[in-house]
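Read the structure below first, then the notes.
The values are calculated or read from the model by the stated rules, or taken from the named source; none is laboratory data. What you see is a predicted model; the values in this text were computed from it and never measured. Note that each Cβ is placed from the backbone with ideal geometry, even for glycine, and that neighbours are counted across all protein chains shown. Just the protein is used for accessible areas: all its heavy atoms, side chains included, with ligands, DNA and RNA removed. Shrake-Rupley method; radii C 1.70, N 1.55, O 1.52, S 1.80 Å.
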Amino acid sequence: MRTNRLPHFDDSVNPTNCCPKFNPDGWDGAKLHFEDKPFLRAETRAAMHVPVNMGKVFRRVDEHIRASGGWDTDNMIVLSKDLSPWKAEHYFSVDHPVPQEEMTTLSGDFVTRVFEGPYSKAKEWYGEMEELARSHGCESSEVFFFYTTCPKCAKHYGKNYVVGVARI
């Protein structure tokens with residue numbers, strides 16, 4: 001397990017010019033180890049866990065990341081978690097500070113699982129991620145999701161991959 005590294009995010013297939021078609025190879029069952037790994041942190045609003053302004057926030061963040069040097073596909077993930085039914089936070093993996101955005105770091109060990117299906121299964125997937133963390137000896141875990149494509153692109157590709165990431 002390499003420190004602060006992620007599976008490669010293959011962005012080579014992108015007929016929508018929005019979200020690349022996600023290739024799940026290497027993402028299922030990956031073990032991640034972060035030591036003060038830099039992330040850009042952003043918040044979105046929600047209505048009963050349904051995002052309200054996610055597109056606007058993600059577009060802003062993407063513009064700022066691109067202006068500061070762009071995405072590194074060998075270090076690309078956006079970790080999302082609900083803080084309440086009304087608010088979520090998102091951690092965008094970056095290699096350097098991004099002007100005009102809040103920066104933070106994450107440390108710890110994590111395990112991943114790839115899911116495929118509608119976003120409405122997130123509650124079920126959350127339970128599976130908690131069970132996966134318990135199987136690694138962690139009684140209480142922080143669970144994130146990496147939503148690999150927006151709903152429009154998921155419909156275009158016919159697959160909706162979501163990567164669960166649990167702290168162990």
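The set of residues from region 34-55 being within 15 Å of Tyr147 (Cα to Cα), open to solvent by 80 Å² or more (accessible area, probe 1.4 Å) and either of a type in the set (Asp, Glu) or not in a loop (DSSP other than H, G, I, E, B) (or both) comprises just one member, Val50. Inspect region 21-33 for any residue being touching a helix residue (DSSP H, G or I) at 6+ places or on another chain (Cβ under 9 Å), charged (D, E, K, R) and either in a loop (DSSP other than H, G, I, E, B) or open to solvent by less than 40 Å² (accessible area, probe 1.4 Å) (or both) and give the result as yes or no. Yes.
Residue count for region 65-90 under the criterion of being open to solvent by 30 Å² or more (accessible area, probe 1.4 Å), outside any loop (DSSP other than H, G, I, E, B) and within 21 Å of His33 (Cβ to Cβ): the result is 1.
Of all the criteria given as (1) loosely packed, with under 14 Cβ neighbours inside 10 Å; (2) within 14 Å of the chain's Cα centre (by Cα); (3) modelled with pLDDT of 95 or more, the one not satisfied by Glu102 is (2). The set of residues in region 131-150 that are open to solvent by 20 Å² or more (accessible area, probe 1.4 Å) and in contact (Cβ under 8 Å) with a residue 40 or more places away in the chain comprises Glu142, Tyr147, Cys150.
Please go through region 115-126 and pick out each residue that is within 18 Å of Lys81 (Cβ to Cβ) and open to solvent by 30 Å² or more (accessible area, probe 1.4 Å).
Within region 115-126, the first condition is being within 18 Å of Lys81 (Cβ to Cβ), and the residues that meet it are 115, 119-126.
Tyr119, Ser120, Lys121, Lys123, Glu124, Tyr126 - these are the residues of region 115-126 that are within 18 Å of Lys81 (Cβ to Cβ) and open to solvent by 30 Å² or more (accessible area, probe 1.4 Å).
Phe9 meets all of the listed conditions (1) part of a loop (DSSP other than H, G, I, E, B); (2) open to solvent by 20 Å² or more (accessible area, probe 1.4 Å); (3) not hydroxyl-bearing (Ser, Thr, Tyr) but one, namely (2).
Under 8 Å between Cβ atoms, which residue pairs at least 6 apart in sequence (or on different chains) link something in region 48-67 that is at pLDDT 95 or above and among the β-branched types (Val, Ile, Thr) with a partner that is in a loop (DSSP other than H, G, I, E, B) and open to solvent by 60 Å² or more (accessible area, probe 1.4 Å)? If the second residue must be in a loop (DSSP other than H, G, I, E, B) and open to solvent by 60 Å² or more (accessible area, probe 1.4 Å), the pairs left are Ile65/Trp71.
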